[in-house]
Amino acid sequence: EKGFGFLTQNNGGADVFVHFRAIASEGFKTLTEGQKVSFDVEQGQK
């Protein structure tokens with residue numbers, strides 16, 4: 001809905017900001033609450 005959100009890490013680390021442009025998927029890029037995903041953390045400009 002907003003185009004961004006936060007991922008919760010299984011290791012207890014800080015939540016990670018994610019923007020819809022970072023989702024590697026064809027078509028409509030969306031995640032649902034509780035959905036399991038794999039991700040790499042990268043430092044951005046902010």
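The values are calculated or read from the model by the stated rules, or taken from the named source; none is laboratory data. Keep in mind that what you see is a predicted model, and the values were worked out from it rather than measured. Using ideal geometry, Cβ is built from the backbone for each residue, glycine included, and neighbour counts are taken over all protein chains shown.
Assorted remarks:
- Among the residues of the range 12-29, those that are part of a loop (DSSP other than H, G, I, E, B) and surrounded by 12 or more Cβ atoms within 10 Å (Cβ to Cβ) comprise Ile23, Lys29.
- Of note, Phe6 does not satisfy the criterion of being surrounded by 12 or more Cβ atoms within 10 Å (Cβ to Cβ) and either modelled with pLDDT of 80 or more or on the phi > 0 side of the Ramachandran plot (or both).
- Pair list, Cβ under 7 Å, 6 or more apart: the range 17-29 residue closer than 15 Å to Gln43 by Cα and of a type outside the set (Lys, Arg), other residue modelled with pLDDT of 75 or more and assigned to a loop (DSSP other than H, G, I, E, B): His19/Gly3
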